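Participant: Quick one: the structure is below, questions incoming.
Nothing in this text is a laboratory measurement; each read-out follows from the coordinates by a stated rule. Bear in mind that the values here come from a model prediction, so they are computed numbers and not experimental data. We place every Cβ from the backbone using ideal geometry, glycine too, and count neighbours over all the protein chains shown.
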């Protein structure tokens with residue numbers, strides 16, 4: 001289990017690594033940050049404090065840490081796994097779309113420590129509200145990673161690689177595609193000298209509703225009302241690319257919701 | 001201009017009427033609520049207080065108010081306009097999609113008093129943050145309605161009927177279609193025994209980014225990265241209706257954003 005006094009090496013110093021290191025350093029000992037650039041490793045080690053070491057060389061990785069958290073871009077996880085020794089501590093990466101199998105044959109005790117959040121450098125995130133999804137090669141490893149996650153978040157669950165993939169797929173719809181709708185709205189408004197900012201109060205309330213009711217119950221608008229007069233007048237206002245999206249999504253809403 | 005002491009009749013007692021009446025009653029005199037049902041009219045008049053009258057009969061409408069706000073379902077505006085006298089006060093409806101012309105030939109002094117927000121009975125909305133879009137048949141009427149809106153909101157602009165239509169169209173994308181993405185995500189998650197609630201911290205941060213950067217700048221995800229491996233693996237996981245949406249929206253993102 002992750003005891004008070006557990007020692008953690010963080011590999012990576014980007015947005016995710018930074019937010020995790022800062023949150024973890026409140027309850028456990030983040031003893032080393034290794035990153036390709038000594039400046040970013042040093043900056044994060046300084047932020048963590050408590051004598052945390054900084055290095056730009058994986059050969060200097062401490063051999064006796066309890067956890068090694070690999071928090072780098074998805075496409076760099078495999079090379080780091082292959083390029084480091086099988087130290088006895090627990091190895092985990094923080095990526096939603098890399099399977100736990102990436103460790104197979106290279107490490108004995110491994111798992112996944114996935115925070116379902118988009119971290120931006122200058123944007124504060126309350127890590128205690130971030131859901132963590134945990135996978136471990138065996139019960140012991142899984143419990144240790146769960147305990148570590150519990151030390152920083154109130155929402156911790158087990159999820160194997162296929163479940164994590166479903167979460168990622170859902171996040172593409174909920175975040176990336178919803179954001180595309182805001183891009184389209186912004187473009188429409190800019191043609192009238194307005195911006196998406198005018199819709200922010202409306203968007204806040206629209207999202208806020210999901211605290212109390214499901215998105216299906218919260219649905220409103222012309223397609224939900226099967227108001228074909230308004231739908232047709234909207235289609236006539238749109239350029240072809242937006243018209244195709246408007247038509248497909250309105251049809252999807254009308255199919256899903258009866259009159 | 002809307003002076004302290006202006007007297008307002010509200011026609012309607014639904015969600016929009018209720019939120020507006022309560023906000024207006026803090027700075028002007030809401031003197032009458034007329035609604036089809038005496039119970040709902042009475043309930044709102046009691047909430048407003050200050051001797052506000054309640055009626056279920058448009059024939060009892062006070063002839064000497066400064067403003068008559070018609071806040072009912074879109075499809076009832078025209079009949080109410082046609083069924084009431086041309087009292088000398090200013091008439092306005094609160095609908096985004098009904099043109100100001102609905103008053104033409106029936107009233108002399110008229111306009112639109114449109115709050116760009118979705119009001120839900122039990123959900124508190126800070127009206128001072130709601131953008132109001134105002135239209136008036138002449139300068140005098142427009143100024144009076146702007147002044148009335150300024151008494152309850154910090155965001156008041158003029159918008160003619162065609163501009164209001166663009167706002168409504170943008171809101172369909174930004175709210176209704178974004179909400180459809182949350183419906184799809186919720187359905188995907190429920191297949192794994194999860195719900196959209198797991199994505200709420202992520203959604204809050206995604207929306208919060210728009211305070212600082214445009215939605216185009218905030219775009220992330222596999223399509224933004226042109227990561228066709230992940231896109232193909234996601235398509236393979238989806239049923240046909242969701243696959244069509246995923247493909248069209250990913251293509252739209254890839255078209256909009258270079259590698």
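Participant: Given an 8 Å cut-off on Cα distances and at least 6 residues of separation, report the relative contact order of chain A as a percent. All intermediate terms of the calculation are to be shown ahead of the outcome.
Facilitator: Details: 376 pairs, mean separation 32.1, N = 259.
The value is 12 percent.
Participant: May I ask for the angle, rounded to the nearest 10°, between helix A:240-256 and the longest principal axis of chain A, with both axes built from Cα atoms and the value confined to 0 to 90°?
Facilitator: Taking Cα atoms only, the helix is inclined about 90 degrees.
Participant: Which of rounded, prolate or oblate describes the stretch B:179-259 when judged by the alpha-carbon gyration tensor and an a/c cut-off of 1.5?
Facilitator: Values: a/c = 2.10, a/b = 1.08, b/c = 1.95.
In terms of gyration-tensor shape, oblate.
Participant: Here's a follow-up. Find how many whole Å separate the alpha carbon centroid of the stretch B:118-189 from the alpha carbon centroid of the stretch A:1-74.
Facilitator: Using only Cα atoms to place each centre, the spacing works out to 47 Å.
Participant: Okay, next question. Tell me the angle of helix A:38-48 to the major Cα principal axis of chain A, expressed in degrees between 0 and 90 and rounded to the nearest ten.
Facilitator: With rounding to tens, the tilt is 90 degrees.
Participant: Classify the stretch B:60-217 as rounded, prolate or oblate from the Cα gyration tensor: take a ≥ b ≥ c as the square roots of its eigenvalues, call it rounded if a/c is under 1.5, otherwise prolate when a/b beats b/c and oblate if not. Write out the running numbers ahead of the final one.
Facilitator: Details: a/c = 2.65, a/b = 2.15, b/c = 1.24.
Prolate.
Participant: Find, among the residues of chain B, the one whose Cβ sits nearest the axis of the rotation taking B to A; state the distance in whole Å.
Facilitator: Checking which Cβ lies nearest the axis yields B:178, 2.
Participant: Over the stretch B:54-197, what is the relative contact order in whole percent, taking alpha-carbon pairs under 8 Å and six or more residues apart? Don't skip to the end; give the middle numbers.
Facilitator: Numbers: 193 pairs, mean separation 23.4, N = 144.
Answer for the stretch B:54-197 is 16 percent.
Participant: While we're looking at this one, here's another question. So what's the back-of-envelope 222 nm ellipticity for chain B, counting only DSSP H runs of four-plus at -39500 (n - 2.57) apiece and dividing by all residues, rounded to 500?
Facilitator: Roughly -12000 deg cm²/dmol at 222 nm, from the helical runs in chain B.
Participant: Report, in cubic angstrom per residue, the convex hull volume of the C-alpha atoms of the protein assembly as shown. Intermediate values should be presented prior to the final figure.
Facilitator: On the way: hull volume 86.9 nm³, N = 518.
Considering the Cα atoms of the protein assembly as shown, their hull volume per residue is 168 Å³.
Participant: OK, next. Where the label is 7 Å out from Cα toward Cβ, how close does residue B:62 come to the same position in every other copy, in nm, shortest first?
Facilitator: Here the equivalent label points are 7.5 nm apart from this one.
Participant: Okay, next question. Could you work out how far helix B:161-171 tilts from the main Cα principal axis of chain B, as a 0 to 90 degree angle to the nearest 10?
Facilitator: With rounding to tens, the tilt is 40 degrees.
Participant: Restricting to Cα pairs below 8 Å that are 6+ residues apart, what does the relative contact order work out to for the stretch A:26-67? Please round to a whole percent. Spell out each step's value before the answer.
Facilitator: Values: 49 pairs, mean separation 17.1, N = 42.
Reported as a whole number, the value is 41 percent.
Participant: Still on this structure, please answer the following. Of the candidates A:197, A:57, A:73, which one comes out as most mobile in a Gaussian network treatment of chain A with C-alpha springs shorter than 10 Å?
Facilitator: Highest fluctuation of the listed residues: A:197.
Participant: From the square roots a ≥ b ≥ c of the eigenvalues of the alpha-carbon gyration tensor of the stretch A:42-88, which class results: rounded (a/c under 1.5), prolate (a/b over b/c), or oblate? If you can, show how the numbers build up before the last one.
Facilitator: Values: a/c = 2.07, a/b = 1.39, b/c = 1.49.
Oblate is the answer for the stretch A:42-88, as a/c is 1.5 or above yet b/c matches or exceeds a/b.
Participant: Here's a follow-up. Got the residue A:38 label distances to the other copies yet, label 7 Å along Cα→Cβ, in nm, shortest first?
Facilitator: 8.7
Participant: OK, next. Just to confirm the numbers: residue A:193, label point 7 angstrom along the Cα-Cβ line, distances to the other copies in nm, shortest first?
Facilitator: Its label point is 5.7 nm from the equivalent points in the other copies.
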